[in-house]
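Undergrad: Below you will find the structure I want to go over with you.
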Amino acid sequence: MITLKLASNIQKTFHQESVSIQDVAESISTSLAKEVLVANVNGQIIDLNYAIPNEAKVNLLTWKDDEGKNAFWHTSAHLLGAALQELYPGVQLGTGPAIDNGFYYDVDFGECKFTKADFNKVENKMLELAQKKSLNNRREVAKTLAIDFFKQHYNPYKLELIEGLSTGSITFYETGNFTDLCAGPHIPNTSFIKAVKLTAISGAYWRANEKNKMLTRVYGISFPKKAELDLYLESLEKAKQRDHRKLGKELELFYFDEQVGMGLPLWAPKGEALRQNLIGFLKKIQMRAGYQHVASPHIGKKELYVTSGHYDKYGHDAFQPIKTPAENEEFFLKPMNCPHHCKIYTTKQRSYKEMPIKYAEFGTVYRYEKSGELHGLTRVRGFTQDDAHIYCRPDQLKEEFLKVIDLVNLVYGKLGFTDFQTQISLRDSTDKEKYLGTDEMWSLAENAIIEATQERGMKTTTKAGEAAFYGPKLDFMIRDAIGRKWQIGTIQVDYMMPENFDLTYTGIDNVQHRPVMIHRALFGSMERFIALLIEHTGGNFPVWLAPTKIILLPIASKYISYCKKIATQINEEFDLQIEVDEREEKIGRKIRDAETQKIPFMLIAGEKESQENKVSIRVHGEGDKGAILVSEFIENFRKQIKII
């Protein structure tokens, strides 16, 4: 007898020796059995033919679930590999994982030329193979047999991967005539895949190592229905129009320059105004929540990051040390703000009475990202974190974590982001060497996060192996206006860094105690968050956030002085930079240019307006709103820019 607990605490009992996921699905309904792709059994995502142990917790997953999509796209990657091997005999395959939106395969095409012109041919072959309804069969193999197989089929990439695997943990998946080294899981068979689109190709060094051979990375996406692919392609077109790199140039927000350096953004005046509007908004909220703002230098001695643990984890992939004339003295560009904040904490003895202590900083940090991984503002080498660190007593941990969750909800709500998901990222219990700290520390930290999210009634997913090296975290994924997910904010619990820096406070018992540290970033990085805002709004920022909120458009040059007088009047009220378009252009051209720049308010002035102390108002995207007194506009505008 096998007893299973399903979603919503439904319990099912099977009077048989072995039960598969397929059996469970069919016991519920025939229609469900046709939709289930994989399942979560006791926290592990597995195939449908997996034999379930007794008393398991089972969650059936379909295309509607992220894990279902992941398995669907993983199988699609195998289908891509199979199609490429049939069409281009002799190609060597590297790795082919599922990603957030689809899948890719890294391929060594040898002497073959592969371009976008070949996409249609490969897509048709993939669909032809999918229609064969090939099963995805999992097979465990001995390491020696795995090596023999890929020696026979000559694939040095797979052989290198196998060398890094331990004996007994090697699995193959067979899909029709295609066999791949793979841990799985996969969907039951290929017939679920009804629509395929290859989306891009790029160069990718084998195993992301610049010393290795450059392979061709072929990207694609697939769907269970053709209509869903059509919708996706439509959203791609929308995304092109909203691309923050394109709009960033058009709106004169930011630039990149090879002579300055790849991945190092230059903020133009309007872009810096946008940044400062965001910073000012968050500073006000943080100060009301008891945060104290601090500042730290852009560099620190190597020993600082050795103590924090960052050097061991990231030192070899960071910018190289800055050497000074002094012997054996080395500095690093700051990769994190937290070690600096810990040193501020140590400047005096702390008491239990002053806990929690909350330091916040808009601190610029530097990470050496490989050139092929850089992408606009979303992946850069120098970025500003809206960083904060909370030092609290262990008994305050859950309460402070809850306060940060509430702060996240407040900030995202004010910015119009109500559709977001949360993920609890835990350490990989099978590979503890990657992490700092004791089992007890990790247990306390992980439980605090889980309890806090449960107390707030939050729907979360849990992923092992995605914690920071010093502690578990709660990550926030925002969905933008066209449905894409962005990983933005994070809250992390850390028992380790206070240990490394010997942070203490005097307790009520007059004994020294160790504080707990909460790392917190709501925007994540200013650069990535601004990229999200640009693409979410299409550059049509809310009035309070817009870098240029008002432009005055004189109908003729003789009304420029009147417009400048109004600009001064508005500046005195709101301390804004108000533009006056003094060009010798017709008013129609001035309006078109202001609309292109997405300026919220255009104030037009001519003979009648100057005589009556009025302006004619035009609102971006809405058209003319008529003429009103300047004083009346100022009062109405005051309401528009108030956010907190």
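The values are calculated or read from the model by the stated rules, or taken from the named source; none is laboratory data. What you see is a predicted model, and the numbers here were worked out from it, not measured in a lab. Cβ sites come from the backbone with ideal geometry, for glycine too, and all protein chains shown count toward neighbours.
Undergrad: Answer with yes or no whether Phe150 is aromatic (Phe, Trp, Tyr), crowded, with 16+ Cβ neighbours inside 10 Å, in contact with a helix residue (DSSP H, G or I) (Cβ under 8 Å, 6 or more places away or on another chain) and closer than 23 Å to Phe72 by Cβ. Outline the logic, then answer.
TA: Details: aromatic (Phe, Trp, Tyr): yes; crowded, with 16+ Cβ neighbours inside 10 Å: yes; in contact with a helix residue (DSSP H, G or I) (Cβ under 8 Å, 6 or more places away or on another chain): yes; closer than 23 Å to Phe72 by Cβ: no.
It is false that Phe150 is aromatic (Phe, Trp, Tyr), crowded, with 16+ Cβ neighbours inside 10 Å, in contact with a helix residue (DSSP H, G or I) (Cβ under 8 Å, 6 or more places away or on another chain) and closer than 23 Å to Phe72 by Cβ.
Undergrad: In the list Gly483, Gly465, which residue meets the criterion of being loosely packed, with under 15 Cβ neighbours inside 10 Å, within 18 Å of the chain's Cα centre (by Cα) and under 22 Å from Arg427 (Cβ atoms)?
TA: Numbers: Gly483 fails: under 22 Å from Arg427 (Cβ atoms).
Every option except Gly465 fails the conditions.
Undergrad: Of the numbered conditions (1) surrounded by fewer than 15 Cβ atoms within 10 Å (Cβ to Cβ); (2) over 25 Å from Arg217 (Cβ atoms); (3) without any contact (Cβ under 8 Å) to a residue 24 or more places away in the chain, Pro97 satisfies every one except a single condition; which is it?
TA: Failed condition: (2).
Undergrad: A follow-up question, please. Taking the conditions exactly as written (buried (at least 17 other Cβ atoms within 10 Å of the Cβ), closer than 30 Å to Val122 by Cβ, assigned by TED's automatic domain parsing to the domain that holds Ser222 and not hydroxyl-bearing (Ser, Thr, Tyr)), does Leu37 satisfy them or not?
TA: Working: buried (at least 17 other Cβ atoms within 10 Å of the Cβ): yes; closer than 30 Å to Val122 by Cβ: yes; assigned by TED's automatic domain parsing to the domain that holds Ser222: no; not hydroxyl-bearing (Ser, Thr, Tyr): yes.
Judged against the criteria, Leu37 is not a match.
Undergrad: Residues that are in the same structural domain as Gln385 (by TED's automatic domain parsing) and hydroxyl-bearing (Ser, Thr, Tyr): list the helices (runs of 4 or more DSSP H) wholly contained in the range 247-315 that include at least 3 such residues. Give the derivation first.
TA: On the way: elements: 269-288, 302-308, 310-314.
Filter on the range 247-315 gives 302-308.
Undergrad: Select, from Leu402, Leu397, the only residue that is closer than 19 Å to Glu451 by Cα, of a type outside the set (D, E, K, R) and without any contact (Cβ under 8 Å) to a residue 60 or more places away in the chain. Talk me through it step by step, then tell me what you get.
TA: Values: Leu397 fails: without any contact (Cβ under 8 Å) to a residue 60 or more places away in the chain.
One residue alone meets the criteria, Leu402.
Undergrad: Then there's this: Of the numbered conditions (1) loosely packed, with under 15 Cβ neighbours inside 10 Å; (2) small (Gly, Ala, Ser); (3) free of Cβ contacts under 8 Å to residues at least 40 places away in the same chain; (4) within 26 Å of Lys642 (Cβ to Cβ), Ser557 fails exactly one; give the number of that condition.
TA: (4)
Undergrad: Pairs, please: C-beta under 8 Å, at least 6 apart or cross-chain, first residue of a type in the set (Ser, Thr, Tyr) and in the range 428-444, second in a helix (DSSP H, G or I)?
TA: These pairs meet every condition: Tyr435/Trp442.
Undergrad: What are the residues in the range 311-330 that are modelled with pLDDT of 85 or more and not basic (Lys, Arg), if any? It would help to see each step written out before you state the result.
TA: Initially, the range 311-330 is screened for residues modelled with pLDDT of 85 or more, giving 311, 319-330.
Selection gives Tyr311, Phe319, Gln320, Pro321, Ile322, Thr324, Pro325, Ala326, Glu327, Asn328, Glu329, Glu330.
Undergrad: Just wondering, is there one or more residues in the range 561-569 that are within 22 Å of Gln276 (Cα to Cα), within 44 Å of the chain's Cα centre (by Cα) and crowded, with 20+ Cβ neighbours inside 10 Å? Steps first, please.
TA: To start, the set of residues in the range 561-569 that are within 22 Å of Gln276 (Cα to Cα) comprises 567-568.
Add one more test, that the residue is within 44 Å of the chain's Cα centre (by Cα), and what stays is 567-568.
Adding the requirement that they be crowded, with 20+ Cβ neighbours inside 10 Å leaves none.
Checked against the condition, which is being within 22 Å of Gln276 (Cα to Cα), within 44 Å of the chain's Cα centre (by Cα) and crowded, with 20+ Cβ neighbours inside 10 Å, the range 561-569 yields no hits at all.
Undergrad: Tell me, please, whether a residue that is surrounded by 20 or more Cβ atoms within 10 Å (Cβ to Cβ), modelled with pLDDT of 95 or more, outside any helix (DSSP H, G or I) and of a type in the set (Lys, Arg) can be found in the range 593-600.
TA: No: the range 593-600 contains no residue that is surrounded by 20 or more Cβ atoms within 10 Å (Cβ to Cβ), modelled with pLDDT of 95 or more, outside any helix (DSSP H, G or I) and of a type in the set (Lys, Arg).
Undergrad: For the range 225-234, give me each residue that is surrounded by fewer than 14 Cβ atoms within 10 Å (Cβ to Cβ) and not aliphatic (A, V, I, L, M).
TA: Hits for the range 225-234 are Lys225, Lys226, Asp230, Glu234.
Undergrad: Something else about it: Please pick out the residue among Leu436, Leu410 that is over 30 Å from Lys240 (Cβ atoms) and either at pLDDT 90 or above or of a type in the set (Val, Ile, Thr) (or both). Outline the logic, then answer.
TA: Details: Leu436 fails: either at pLDDT 90 or above or of a type in the set (Val, Ile, Thr) (or both).
Sole residue among the options that is over 30 Å from Lys240 (Cβ atoms) and either at pLDDT 90 or above or of a type in the set (Val, Ile, Thr) (or both): Leu410.
Undergrad: In this structure, does Ala452 turn out to be of a type in the set (A, V, I, L, M) and either modelled with pLDDT under 90 or more than 19 Å from Met517 (Cβ to Cβ) (or both)?
TA: Working: of a type in the set (A, V, I, L, M): yes; either modelled with pLDDT under 90 or more than 19 Å from Met517 (Cβ to Cβ) (or both): no.
No: the conditions fail for Ala452.
Undergrad: Right, here's the next one. Within the range 509-524, track down each residue that is surrounded by 22 or more Cβ atoms within 10 Å (Cβ to Cβ), touching a Leu at 6+ places or on another chain (Cβ under 9 Å) and under 23 Å from Lys343 (Cβ atoms).
TA: Result: Pro515, Val516, Met517, Ile518, Arg520.
Undergrad: What pairs come out if I take residues in the range 613-640 that are under 12 Å from Pro600 (Cβ atoms) and pair them with residues that are in a strand (DSSP E or B) and among the aromatic types (Phe, Trp, Tyr) whose C-beta lies under 8 Å away, six or more apart or interchain?
TA: Matching pairs, first to second residue: Ile617/Phe601; Arg618/Phe601; Val619/Phe601; His620/Phe601; Phe637/Phe601.
Undergrad: Report yes if Ile530 is in contact (Cβ under 8 Å) with a residue 12 or more places away in the chain and either assigned to a strand (DSSP E or B) or out of contact with any Phe, Trp or Tyr (no Cβ under 9 Å at 6 or more places or on another chain) (or both), otherwise no.
TA: Taking the combined requirement at face value, the residue does not satisfy it.
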